[in-house]
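In what follows, a single structure is set out as structure tokens and then discussed.
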Amino acid sequence: MKHYGLIGFPLSHSFSKKYFTEKFEKEGVTDHQYDLFELQNLSDFPDLLRAQADLCGLNVTVPHKIGVLHYMDWLSEEAKAIGAVNCIRITAESPLEAAFSGEVGIKGHNFRLEGFNTDVYGFEHSLKPHLTHHHKKALLLGDGGAARAVKYVLDKLEIEYQVVTRRPAPGNILFSDLTTEMMDEYLVVINTTPVGTYPKVDECPPIPYEFITDRHLLYDLIYNPEETLFLQKGKEKGATIKNGFEMLVLQAERSWQIWQSHKVNL
């Protein structure tokens, strides 16, 4: 049995378990299993790996995407640049490799932990089809962990961005600072905050929606509900809208590719 799973806390509503369980059934993969491993404390991570000897790969969600880096033997370029891991490949390591690496994964065990960030792939490939020639600047709503992958992709695509937050922070502006001129200039608006997530569907980030036009692209990382109030308000103004569901699917598929590959630099 090849075992995969998700670590984080809490894990009451998991996209990953449903997605991979259905994927295994659809593809007739009977020797694969995907489970949820709630870890309130990341210090319990080594014990999980010792107890689940057949683990081949893990997804990582909040609040452990950053802390889990310290357990990795190797990091992908994206994970290293962002400082967050949401996909781990667990592979066997030969005695010779172990001798050169010093400490192998969790000390005393001959496996190797490779950290990736598939949020980058998911966000980039779900955003790009909706970009047009006038989408040169973006407003990034929120500056938490979810914003890290978004910033990386915007830098890669050479889209200038301005972070907007509720509280003052160096380089950021407040929601109350947004003006007509800024809304006319920054035609991509990306919500990385949890505002509007079910069950609080009557909430939305406090931007001046009256200045949204049909030239704007509104992207919400939230996928539940399918159309947040943020997206509804943009749609009413004729803007192109996109939720985070495709990003989730793409990052999950990227995780699967990573787990099935034996190349470190996939």
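So if each residue of separation counts as 0.36 nm, and I subtract the Cα-Cα distance between ALA169 and THR213, what length gain in nm does that give?
Working: separation 44, 0.36 × 44 = 15.84 nm, distance 2.84 nm.
13.0 nm is the gain from fully extending ALA169 to THR213.
Highest mean first, how do 141-149, 49-57 rank when packing is the count of other Cβ atoms within 10 Å averaged over residues? Each step should come with its number before you reach the end.
Values: 141-149: 20.9, 49-57: 14.7.
Those peptides, ordered most packed to least, come out 141-149, 49-57.
Where does the chain land at 222 nm, in deg cm²/dmol rounded to the nearest 500, when only DSSP H runs of n ≥ 4 count, each adding -39500 (n - 2.57), divided by all residues? Don't skip to the end; give the middle numbers.
Values: 9 runs with 82 residues, N = 266.
Helix-only estimate at 222 nm: -8500 deg cm²/dmol.
Just to verify a number: FRET efficiency for ASP35 and TYR198, C-beta to C-beta distance, R0 = 22 Å, to 0.05?
Numbers: r = 24 Å, r/R0 = 1.09.
The formula returns an efficiency of 0.40 here.
Under a 5 Å amide H to amide H cut-off, with H placed in plane at 1.01 Å, what residues pair with HIS216 once short-range neighbours are removed?
It is THR240, by chain and number.
Mind sorting out which of (1) 1.06; (2) 0.93; (3) 1.01 is the real Rg/Rh (Cα atoms, Kirkwood Rh) computed from the coordinates?
(3)
Using a 1.4 Å probe, what is the accessible area per residue for the chain, in Å²?
Values: 13470 Å² over 266 residues.
Heavy-atom accessible area per residue stands at 51 Å².
Is there a pair in LYS26/LYS233; LYS18/LYS242; LYS26/LYS235; LYS128/LYS237; LYS23/LYS136 whose C-alpha atoms are over 32 Å apart, and which pairs would that be? Don't skip to the answer; put the middle values down first.
Working: LYS26/LYS233 37 Å; LYS18/LYS242 22 Å; LYS26/LYS235 35 Å; LYS128/LYS237 21 Å; LYS23/LYS136 37 Å.
The answer is LYS26/LYS233; LYS26/LYS235; LYS23/LYS136.
What relative contact order, as a whole-number percentage, does the chain give when Cα pairs under 8 Å and 6 or more residues apart are counted? It would help to have the intermediate numbers written out before the result.
Details: 475 pairs, mean separation 38.7, N = 266.
It rounds to 15 percent for the chain.
Would you mind telling me the share, in percent, of accessible area of the stretch 122-247 contributed by carbon and sulfur at probe 1.4 angstrom?
Whole-percent figure for carbon plus sulfur exposure: 50.
The values are calculated or read from the model by the stated rules, or taken from the named source; none is laboratory data. The structure presented is a predicted model; accordingly, all values stated were derived computationally and were not measured. Counting neighbours? That spans all protein chains shown, and the Cβs are built from the backbone with ideal geometry, glycine included. All accessible areas refer to the heavy atoms of the entire protein, side chains included, with ligands and DNA or RNA removed. Shrake-Rupley method; radii C 1.70, N 1.55, O 1.52, S 1.80 Å.
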